[in-house]
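The values are calculated or read from the model by the stated rules, or taken from the named source; none is laboratory data. It should be emphasised that the depicted structure is a prediction, and the values quoted were computed from it without experimental measurement. Cβ coordinates were reconstructed from backbone atoms using ideal geometry, including for glycine residues, and neighbour counts include every protein chain displayed. For the accessible areas, the whole protein counts, side chains as well, though only heavy atoms, and no ligand, DNA or RNA atoms are used. Shrake-Rupley method; radii C 1.70, N 1.55, O 1.52, S 1.80 Å.
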Amino acid sequence: MMIFLSCLIAGIIGYLLGSCNFAIITVRLLKGEDIRNFGSKNAGLTNTLRCFGKGCAVLTLLGDLSKGVVSVILSRWICSLMDAGINGGDTHYIGYIAGFFAIMGHIFPIYYGFKGGKGVLVGVSIFLATDPPTFAVLILIFIIVLSVSKYVSLASIISAGFAPFATFLVHYFIHNTDMKIAVLYAVLSLLMASVVIYMHKSNIERLRNGVENKFSLGSKK
C-alpha cells in the first residue's frame, strides 16, 4: 500500500513540476512572446536558442534541469519517509516514476493547454538526479553523436535509445543491484526513452528527408 501511495505522490509531483515549462516562461517574461509561435513551434531549449538567443536558452536550460532534479529528490525523500523503498530501502524506482510523469508534464503541461516540449532536458535531469553514472554515459553518447552529426535531434534520439541498456548495465555491474531490480529500472527507463523518441517523430521524418536543422550556437530570429 505504501509503495502504491508513494508512486501516486511521485506521479503528481512529477507531473505538476514538469508542467512548468521554462522555455515558455522565460520567453514570455523576457520577450513578451510565446515560443510555440516561433521556429519549429517546440517549447524546448534548441528552439529557444535559435529564436531568442543564448540568454533565454541558458535560463530555459537551468529551469528545465532543475524541475526534473527537484521532482526526483522530493519524491524519493517522501518515499523514504513513508518507508516505501524496495530491495533493502532502494528508492531509485520512485525517481524513475517521478521522472516519467515530469516528462509527461513537460510534453503535456496542464498550465499551458497541454502543449509543451519534447522532454529531452527533463529526461536528462532525471538521470542526473537518479543515477549519475548512467547520466554520464548518456551525456557522453549525446556529445559524440552531436559532434559528429551536428543534429541535436539525432543525438537526443540515440541517447534515449541507449538509456535502458545503460541503466541496466550500470545498476547491475556498478551498483551490484539484483538482476530483477536492474531489469525493473531498465523497463522504467525504457518508458521514459520511448516517450522522448516518439515526440521526435517529426524530427525523424526531417532527418530522413535531409531537411533537419543542424546545431549552431548562434541565434536565428
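What distance in nm separates the two pseudo spin-label positions at residue 191 and residue 175, each 7 Å out from Cα along the beta-carbon direction?
Distance between label points: 1.6 nm.
Please identify which residues in region 108-127 have an amide N closer than 19 Å to a label point set 7 Å out from the Cα of residue 86, following the Cα→Cβ vector.
127
For the chain, what is the accessible area per residue in Å² when the probe is 1.4 Å? Spell out each step's value before the answer.
Values: 10700 Å² over 221 residues.
About 48 Å² of surface per residue is accessible.
So for 151, 172, what's the accessible-area order with a 1.4 Å probe, most first?
Numbers: 151 45, 172 80 Å².
Putting 151, 172 in descending order of accessible area: 172, 151.
At a 10 angstrom cut-off on C-beta neighbours, averaged per residue, how do the peptides 43-55, 133-145 rank from highest to lowest?
Numbers: 43-55: 22.4, 133-145: 17.4.
Packing proxy ranking, top to bottom: 43-55, 133-145.
What is the percent carbon and sulfur in the accessible area of the chain, measuring with a 1.4 Å probe over the protein chains and ignoring ligands?
Values: 7600 of 10700 Å².
Here carbon and sulfur together make up 71 percent of the probe-accessible area.
Which of the helices in the chain meet the span-like rule: DSSP H, Cα axial reach of 20 Å or more, Kyte-Doolittle mean at least 0.5?
Correct list, ordered by number: 2-18, 45-81, 92-107, 132-149, 152-169, 179-198.
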